[in-house]
Amino acid sequence: MHVNPLHPVFAAEVTGVDFTAPAQRQPVRDLHDAIHRYGVVVFRNERPPTDEQHVAFSRLFGPVEVGPMFKITGDKKRIDNPALVDVGNLDADGNIMQPDNRRMLFRKGDRLWHADMSFHHNRATYSLLLGHEIPPEGGDTEFADMRAAYDALPEKLKTLIEDLTVEHSIWHSRGLAGFPQPTEEEIESRPPAHHKLVHTHPGSGRKALYLASHASHIVGWPVELGRDLLKMLMRFATQPQFVYRHTWKLGDLLMWDNLATMHRATEFEDTKYRRDMRRATCRERPIDLSAAA
Ligand code: OGA
Ligand code: MN
């Protein structure tokens, strides 16, 4: 396996990994080193690995999300594999979704900078997104390094934010993205979660900002004051020097560390072009299925 950096502070392409190989033959140690150091790792494939290979590979990095993380009223599933999240623009019949489709509106929230599942007490560690169909133009994904951003903060600001706790809610970010008023069923399916604003990234031991569009306010602060601080930090952390932009090719598997980076989808003509992307998500702790039921 070879590691080729793609950006001055993070992100690398890894070559020489065979997704058809059994788990025990994968270079697990080197893969962990690469994702810990680079935060974003790109694997290029001539053809996309199968859903089963995708999930099996993802399990090398921790417990993989199973089952729905929240309820979208009226949504029907397209992909059978319960370990994969459907993040493209196709409906259950494989057609491009109508612009007023609730899941289509919901996915627009991915165009705001975020860390996956920060709204959950059992957060996403790694996400592994595989490109099955790529639009001919647009639909890049951007990443920002939250360790480099933290390092670059003025010392006074580092001191101010050191011990702050943030409330994250999926319904907050969806509101920002223009998702209609959530239903009772939707709200109840995913209550908010609290996380430290500054944490130590487990993989590298470096301090990092833990930010996301799901971040609603600072616990114990007046809501608007907290929002202003969060907005300012989001702007700071997503400056061009901290950002890598990925242009997709068919078969690309992108892996990122949600505890060290933020990401966002970018625009494409989503009522004209097909985009089929599937995501496996590793979690901080094993998934409690009894609680999910
Ligand atoms: C995701 C996500 C961005 C994209 O899958 O978590 O935010 O470009 N995807 O599809
Ligand atoms: Mn995401």
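Residues being open to solvent by 30 Å² or more (accessible area, probe 1.4 Å) and either of a type in the set (A, V, I, L, M, F, W, C) or in a loop (DSSP other than H, G, I, E, B) (or both): count how many of those fall in the range 3-18. Give the steps one after another, and end with the answer.
Let us first name the residues in the range 3-18 that are open to solvent by 30 Å² or more (accessible area, probe 1.4 Å), namely 3-9, 13, 15-16, 18.
Okay, now just the ones that are also either of a type in the set (A, V, I, L, M, F, W, C) or in a loop (DSSP other than H, G, I, E, B) (or both), so 3, 6-9, 16, 18.
Final tally of qualifying residues: 7.
So which strands (runs of 3 or more DSSP E) stay within the range 180-293 end to end and still have 3 or more residues that are free of Cβ contacts under 8 Å to residues at least 60 places away in the same chain and either in contact with a Leu (Cβ under 9 Å, 6 or more places away or on another chain) or crowded, with 21+ Cβ neighbours inside 10 Å (or both)? Spell out how you get there, then give the answer.
Details: elements: 193-196, 198-200, 207-209, 215-218, 243-246, 253-257, 261-265, 276-283.
Answer list for the range 180-293: 215-218.
When you scan the range 18-30, do you find a residue that is in contact (Cβ under 8 Å) with a residue 40 or more places away in the chain and out of contact with any Pro (no Cβ under 7 Å at 6 or more places or on another chain), even just one? Walk me through it before giving the result.
Within the range 18-30, the first condition is being in contact (Cβ under 8 Å) with a residue 40 or more places away in the chain, and the residues that meet it are 19.
With the extra rule that they be out of contact with any Pro (no Cβ under 7 Å at 6 or more places or on another chain), the set shrinks to none.
No: the range 18-30 contains no residue that is in contact (Cβ under 8 Å) with a residue 40 or more places away in the chain and out of contact with any Pro (no Cβ under 7 Å at 6 or more places or on another chain).
Between a residue in the range 91-118 that is of a type in the set (A, V, I, L, M) and any residue that is within 10 Å of ligand 2 (Cβ to nearest atom) and open to solvent by 50 Å² or more (accessible area, probe 1.4 Å), which pairs come within a Cβ distance under 8 Å, given they are 6 or more apart or on different chains?
Note: pairs meeting the criteria are Leu112/Arg264.
Regarding Ala260, is this residue under 30 Å from Glu46 (Cα atoms) and near ligand 1 (Cβ under 10 Å from one of its atoms)?
Working: under 30 Å from Glu46 (Cα atoms): yes; near ligand 1 (Cβ under 10 Å from one of its atoms): no.
So Ala260 fails the test.
Filter the range 257-283 for residues that are within 20 Å of Ser173 (Cα to Cα) and within 12 Å of ligand 2 (Cβ to nearest atom) and give the result.
Passing the criteria: Asn258, Thr261, Met262, His263, Arg264, Ala265, Arg279, Thr281.
Among what's in the range 37-74 and is open to solvent by less than 60 Å² (accessible area, probe 1.4 Å) and modelled with pLDDT under 90, pick the residue that is farthest from Phe119 (Cα to Cα).
Residues of the range 37-74 that are open to solvent by less than 60 Å² (accessible area, probe 1.4 Å), as a first pass: 38-43, 45, 48-49, 51, 53-58, 60-67, 69-70, 72-73.
Then keep just the ones that are modelled with pLDDT under 90; that gives 65-67, 69-70, 72-73.
Working: Glu65: 14, Val66: 16, Gly67: 16, Met69: 10, Phe70: 11, Ile72: 15, Thr73: 19 Å.
So, considering only residues that are open to solvent by less than 60 Å² (accessible area, probe 1.4 Å) and modelled with pLDDT under 90, the one farthest from Phe119 (Cα to Cα) is Thr73.
Which of the residues belonging to the range 19-60 are in a loop (DSSP other than H, G, I, E, B) and of a type in the set (Val, Ile, Thr)?
Scanning the range 19-60 gives Thr20, Thr50.
Which one of the conditions (1) surrounded by 17 or more Cβ atoms within 10 Å (Cβ to Cβ); (2) over 20 Å from the mean Cα position of the chain (by Cα) does Val28 fail to meet, given that it meets all the rest?
With respect to (1) surrounded by 17 or more Cβ atoms within 10 Å (Cβ to Cβ); (2) over 20 Å from the mean Cα position of the chain (by Cα), Val28 is out only on (1).
The values are calculated or read from the model by the stated rules, or taken from the named source; none is laboratory data. What you see is a predicted model; the values in this text were computed from it and never measured. Backbone-built Cβ (ideal geometry, glycine too); neighbour counts: all protein chains shown. For accessibility, only protein heavy atoms count, side chains too; no ligands or nucleic acids. Shrake-Rupley method; radii C 1.70, N 1.55, O 1.52, S 1.80 Å.
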